[in-house]
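Contents: one structure, followed by commentary.
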Amino acid sequence: MKRVHHLLAASVMAASALLSLASAPAQATPVAIDVGGAQSINLQGEAGNMVWFIDVGANAVLNSLSWSLDLNAFAPSVLSEMQVSFGGSSGSDLVTFAPGGADFASGVGSYSGSLDLSPFGLSVGADGLLRLEFSEAYKDFAPGVAEGEWLRGNLTFDVTAAAVPEPASAALVVLGLGVVGIFTRRQRRSTTAARQSHPNSLRTLRA
């Protein structure tokens, strides 16, 4: 009986170690998106805007955003009105970002910086798609007419992919749990045999 208990304990410890290994979190990875050529056309959420979908991995978490951009706002539209909204592919949970900030001039402007996204708790869905929608905060021209262009530069998201067990590790975990099940069944059989061989002793132990 003691041997079975020792083997069970060893099997449980091995299975726990394998589970920890299989579920180890993935490291953060930068995803750089070249936005050169994108246009800001209508208000956010309106038809006719440029919408891009970028595969960043299923259920990936967006940790931070950094940017280095050149924008061109067509007068009378101003640079502070050019914006991009990002989030999951459904478009229901988005953060809107305006690189030009408080720059109320028309023409070309250059901007760089970074933003911690962790307070927003942003992640993409199971499809792994990051949605980008380029838009305007205020509409100066007729609907469908571009009011600015993202001339060049990158938006770089720091992304942590959801932890996925490697196939080999997952197989070892199943094997480890299977060993636990085997020894459990053996222990039950031993107890049943003891009851059949020594019924009086078992009744004494119960009392």
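Overview of results
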{"read-out": "Where a residue in the stretch 126-155 is under 14 Å from residue 77 (Cβ atoms) and its partner, wherever it lies, is among the β-branched types (Val, Ile, Thr) and surrounded by fewer than 19 Cβ atoms within 10 Å (Cβ to Cβ), with Cβ under 7 Å and at least six apart", "value": "none"}
{"read-out": "Filter pass, residue 108 being more than 27 Å from residue 47 (Cβ to Cβ) and out of contact with any Ser or Thr (no Cβ under 7 Å at 6 or more places or on another chain)", "value": "yes"}
{"read-out": "Unique residue being among the β-branched types (Val, Ile, Thr) and over 29 Å from the mean Cα position of the chain (by Cα) when the list is 95, 124, 108", "value": "108"}
{"read-out": "Qualifying residue in the stretch 160-168 (condition: in a strand (DSSP E or B), crowded, with 19+ Cβ neighbours inside 10 Å and either in contact with a strand residue (DSSP E or B) (Cβ under 6 Å, 6 or more places away or on another chain) or modelled with pLDDT under 90 (or both))", "value": "no"}
{"read-out": "Residue within the stretch 64-82 that is without any contact (Cβ under 8 Å) to a residue 60 or more places away in the chain and under 15 Å from residue 37 (Cα atoms) present", "value": "no"}
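The values are calculated or read from the model by the stated rules, or taken from the named source; none is laboratory data. Because the structure is predicted, anything quoted here is derived from the model rather than measured. As a convention, Cβ positions derive from the backbone with ideal geometry for all residues, glycine included, and neighbour counts pool all protein chains shown.
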